[in-house]
Protein chains: 2
Amino acid sequence: MIEVPRHIIDLQPYKPGRLIEDIQKEYGFERVIKLASNENPLGVSPLAIQAMINSIHQLNRYPDIASMTLRTKLSEFFHIETSCIITGHGSEAIIQTLMRTFLNDDDEAITVTGTFVGFYVITKAIGIKLHLLPLDENYGFDLGAILDAITPKTKVIYLVNPNSPTGTIFTKKQFEEFINLVPENIIIIVDEAYFEFVTDNPDFPNSMDYRRDNIVTLRTFSKAYGLAGIRIGYGFANPELVGYMLKVRLPFEPGIPSQAAGIAALTDKQFLDYYLKVNKTGKEFLYNLYDELGIRYIKSEANFVMTVHDSEEEVNRINEQLLRRGVIIRPLRPFGLPHCLRVTIGLPDENEIYAFALKQIL
Amino acid sequence: MIEVPRHIIDLQPYKPGRLIEDIQKEYGFERVIKLASNENPLGVSPLAIQAMINSIHQLNRYPDIASMTLRTKLSEFFHIETSCIITGHGSEAIIQTLMRTFLNDDDEAITVTGTFVGFYVITKAIGIKLHLLPLDENYGFDLGAILDAITPKTKVIYLVNPNSPTGTIFTKKQFEEFINLVPENIIIIVDEAYFEFVTDNPDFPNSMDYRRDNIVTLRTFSKAYGLAGIRIGYGFANPELVGYMLKVRLPFEPGIPSQAAGIAALTDKQFLDYYLKVNKTGKEFLYNLYDELGIRYIKSEANFVMTVHDSEEEVNRINEQLLRRGVIIRPLRPFGLPHCLRVTIGLPDENEIYAFALKQIL
């Protein structure tokens with residue numbers, strides 16, 4: 001018998017959105033609308049597709065160990081030195097690498113209930129004590145409460161901006177006050193997976209603009225860039241931290257076609273701009289729908305909207321009834337918000353089908 | 001200042017074979033022959049290429065979380081339950097997941113000097129004490145010595161069969177004696193990355209045939225299947241161990257096109273058989289070359305051959321002179337065998353170019 005550490009036995013694994021194929025099988029539908037995982041509903045950038053196909057002849061070779069191909073391109077694109085850039089098999093892999101690189105067993109982490117579940121799983125899988133604070137009354141990060149919760153054992157603070165599943169942001173002013181008060185020996189992770197969707201909010205802080213040695217910015221190709229299926233995250237940090245993380249991470253992250261697709265996707269401004277437009281129109285459509293139906297929702301800076309309901313029973317009823325109509329959205333019990341639902345903004349016809357179903361249910 | 005744990009500061013990262021592009025740039029060559037990383041010199045299976053291209057339209061979606069697509073196919077192919085199969089971003093990722101899942105800080109691992117360097121790096125990155133035993137006088141795993149080195153703290157034993165960089169195997173008889181004497185609370189990893197190359201040795205043990213709860217078999221698509229660039233490893237273990245590892249690993253390993261390519265590559269028997277034939281012919285060619293030149297070599301059951309030299313100086317001289325002639329092979333100092341070189345068996349013309357260069361040098 002292999003003895004298994006207690007924290008692994010107790011670990012609750014990450015549960016993603018339901019798959020289209022599963023719901024098709026379960027309910028016998030031909031068309032299923034997936035609005036559950038904040039994926040890009042337009043599909044994949046044509047430039048990224050072409051770049052992947054062009055890379056296929058090299059697949060028998062190992063990628064370059066330090067992802068220099070992709071990191072060099074990111075360096076040019078974001079005007080930041082290559083030595084400040086880390087890449088990974090999804091930004092989740094970078095979080096995992098960071099935690100494994102810098103944390104000792106008795107170090108602790110802080111974040112909130114009502115943010116990216118992957119962070120909870122990674123932290124617990126490593127056996128790190130995680131302090132979960134409540135969101136503020138507007139479903140935003142309560143940076144003041146996080147400051148108050150810091151102890152000498154705190155090594156990492158995890159922020160998500162815009163936050164998922166709430167769609168809220170914290171402002172420049174809030175962030176500046178916060179980073180000025182966090183001790184320099186604590187790593188502040190700012191997960192900006194939804195960064196590209198904030199197009200017209202002057203109060204939104206781009207954490208890259210604050211070049212402190214303890215801030216790590218995370219970005220991804222999985223959301224706005226439409227490449228969730230090939231797993232590429234990237235991040236910006238001071239070169240010393242990046243150097244240590246490069247030693248600890250798996251040597252070949254991401255693979256050859258992923259690097260090729262990421263590079264091409266970055267340059268496909270037309271595709272991104274079009275998606276941002278589709279997303280904005282869809283968001284207005286959902287806001288109007290909820291206003292019309294009298295459903296409480298939180299204004300979102302991302303590609304999804306969270307609705308707030310009276311009870312978990314109501315949430316489960318809506319979710320179940322939507323599934324029976326071939327629409328997958330996300331009940332937020334695993335995120336610690338059991339009375340809330342999250343809907344990814346889809347293509348216009350997907351939003352219409354969701355709206356039609358929702359009206360039938362209510 | 002972020003405090004960094006001592007074992008991370010001391011960590012020596014993995015150093016892969018040199019890249020073709022680097023040597024092209026450094027020496028100004030148009031053609032560079034890479035015989036350094038045991039890659040499939042034929043390229044990629046046409047079926048795998050087609051499957052990848054067919055998967056591209058789904059890349060905006062997350063993969064299924066448990067890699068069921070690929071695991072179901074592996075289950076059919078190897079006649080083993082899906083619940084016994086684990087996949088990862090390269091088999092290295094599976095090793096990492098396994099170590100993180102089952103080892104406490106004071107657990108220890110055993111392997112040999114002269115095997116897969118990635119295991120050393122992973123173990124040290126996790127902060128686990130690693131005991132390195134010498135190879136036997138024939139450059140093979142000394143299973144008896146490993147048995148003698150077991151202590152109550154031993155939690156993992158890492159074996160590679162056929163071994164890289166030596167090309168040696170341990171036999172059925174040796175393996176059976178060994179597993180009968182290893183306590184059941186110790187995990188025996190048998191890394192069979194080069195499994196497919198052992199085509200006609202009845203003494204070779206397929207570790208999958210020994211269904212013990214503490215044996216974990218690892219395989220890869222990176223070598224015989226020619227898919228190093230997309231990173232897919234897989235493994236077989238008892239369902240309980242697999243269940244724990246699935247909780248700890250990154251949720252989406254491997255990505256969508258990688259799963260598609262792996263599935264197709266498995267079924268492309270023609271491509272694999274042809275490569276095995278090319279490899280066998282190439283191996284005979286190298287044996288004859290070394291016999292002719294009076295170079296000591298170790299008979300290999302894999303897609304590479306290790307040569308043994310008088311000194312590290314001689315090894316470095318040969319390596320340097322080969323690079324100057326556009327041929328990349330692998331000096332084995334990082335593997336703990338500084339007086340040895342490893343050459344991947346290439347295409348016939350690549351082997352000829354290497355032979356021509358080697359004759360010039362000696």
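Scanning region B:98-109 for residues that are in a helix (DSSP H, G or I) and either open to solvent by 10 Å² or more (accessible area, probe 1.4 Å) or within 9 Å of another protein chain (Cβ to nearest Cβ) (or both) turns up B:100, B:101, B:102. Looking only at residues that are within 14 Å of chain B (Cβ to nearest Cβ) and not in a loop (DSSP other than H, G, I, E, B) in region A:204-218, which one is farthest from the chain's Cα centre (by Cα)? Here the residue is A:215.
Contact map, region B:345-362: first residue over 17 Å from residue B:31 (Cα atoms) and modelled with pLDDT under 95, second residue open to solvent by 60 Å² or more (accessible area, probe 1.4 Å) and of a type outside the set (Lys, Arg), Cβ cut-off under 8 Å, separation 6 or more or different chains; the map is empty. Residues in region B:110-135 that are more than 14 Å from chain A (Cβ to nearest Cβ) and surrounded by 20 or more Cβ atoms within 10 Å (Cβ to Cβ): B:110, B:111, B:112, B:114, B:115.
A single member of A:232, A:263, A:298 is among the β-branched types (Val, Ile, Thr) and within 23 Å of residue A:347 (Cα to Cα), and it is A:298. Only residues that are more than 16 Å from the chain's Cα centre (by Cα) and open to solvent by 20 Å² or more (accessible area, probe 1.4 Å) were counted across region B:184-203, and they come to 7.
Looking only at residues of region A:229-245 that are hydrophobic (A, V, I, L, M, F, W, C) and touching a Cys at 6+ places or on another chain (Cβ under 7 Å), we find that the one that is farthest from the other protein chains (Cβ to nearest Cβ) is A:236. Quick check, is residue A:80 on the phi < 0 side of the Ramachandran plot, open to solvent by less than 20 Å² (accessible area, probe 1.4 Å) and in a loop (DSSP other than H, G, I, E, B)? For residue A:80, the condition - on the phi < 0 side of the Ramachandran plot, open to solvent by less than 20 Å² (accessible area, probe 1.4 Å) and in a loop (DSSP other than H, G, I, E, B) - is met.
When we screen A:21, A:39 for residues that are facing chain B (nearest Cβ under 9 Å), assigned to a helix (DSSP H, G or I) and under 25 Å from the mean Cα position of the chain (by Cα), the only hit is A:21.
Looking only at residues of region A:146-176 that are among the charged types (D, E, K, R) and under 24 Å from the mean Cα position of the chain (by Cα), we find that the one that is most open to solvent (accessible area, probe 1.4 Å) is A:173. Filtering region B:24-36 to residues that are more than 9 Å from every other protein chain (Cβ to nearest Cβ) and surrounded by 15 or more Cβ atoms within 10 Å (Cβ to Cβ) leaves B:29, B:32, B:33, B:35, B:36.
If you go through region B:319-329 one residue at a time, do you hit one that is touching a strand residue (DSSP E or B) at 6+ places or on another chain (Cβ under 8 Å), of a type in the set (Asp, Glu), under 29 Å from residue B:30 (Cβ atoms) and in the same structural domain as residue B:18 (by TED's automatic domain parsing)?
So far as region B:319-329 goes, no, none of its residues is touching a strand residue (DSSP E or B) at 6+ places or on another chain (Cβ under 8 Å), of a type in the set (Asp, Glu), under 29 Å from residue B:30 (Cβ atoms) and in the same structural domain as residue B:18 (by TED's automatic domain parsing).
When region B:55-78 is filtered for residues that are acidic (Asp, Glu) and within 12 Å of another protein chain (Cβ to nearest Cβ), only B:64 remains. Checking each residue in region B:86-96 for being out of contact with any strand residue (DSSP E or B) (no Cβ under 6 Å at 6 or more places or on another chain) and more than 9 Å from chain A (Cβ to nearest Cβ) picks out only B:95. For residues that are outside any helix (DSSP H, G or I) and among the aliphatic types (A, V, I, L, M), scanning just region B:55-75, find the one that is most open to solvent (accessible area, probe 1.4 Å). My answer is B:65. Out of B:143, B:135, B:103, one residue alone is farther than 13 Å from residue B:159 by Cβ and touching a residue at least 24 places away in the same chain (Cβ under 8 Å). It is B:103. Yes or no: residue B:235 modelled with pLDDT under 95, of a type in the set (Gly, Ala, Ser) and crowded, with 19+ Cβ neighbours inside 10 Å? In short, no. Taking region A:1-18 as the range and being in contact with a strand residue (DSSP E or B) (Cβ under 7 Å, 6 or more places away or on another chain) and within 8 Å of chain B (Cβ to nearest Cβ) as the test, the residues that pass are A:2, A:17. Restricting region B:219-228 to residues that are touching a Gly at 6+ places or on another chain (Cβ under 7 Å) and within 15 Å of residue B:46 (Cα to Cα) leaves a set whose member that is farthest from the other protein chains (Cβ to nearest Cβ) is B:221.
Taking each residue of region A:331-342 that is at negative phi and looking for partners that are part of a loop (DSSP other than H, G, I, E, B) and modelled with pLDDT under 95 with beta-carbon atoms closer than 8 Å, six or more apart or interchain, yields A:334/A:15.
Looking across region A:248-263, just one residue is over 17 Å from residue A:52 (Cα atoms) and more than 7 Å from chain B (Cβ to nearest Cβ), and that is A:249. All told, residue A:39 falls short of being free of Cβ contacts under 8 Å to residues at least 24 places away in the same chain and of a type in the set (Asp, Glu).
Once region B:43-54 is narrowed to residues that are facing another protein chain (nearest Cβ under 7 Å) and open to solvent by 40 Å² or more (accessible area, probe 1.4 Å), the residue that is farthest from residue B:274 (Cα to Cα) is B:53.
When you look at residue A:229, is it without any contact (Cβ under 8 Å) to a residue 24 or more places away in the chain and either on the phi > 0 side of the Ramachandran plot or open to solvent by less than 40 Å² (accessible area, probe 1.4 Å) (or both), yes or no? Yes; evaluated as a whole, the condition is true for this residue.
The values are calculated or read from the model by the stated rules, or taken from the named source; none is laboratory data. It should be emphasised that the depicted structure is a prediction, and the values quoted were computed from it without experimental measurement. Backbone-built Cβ (ideal geometry, glycine too); neighbour counts: all protein chains shown. Heavy atoms of the whole protein, side chains included, go into the accessibility calculation; ligands, DNA and RNA do not. Shrake-Rupley method; radii C 1.70, N 1.55, O 1.52, S 1.80 Å.
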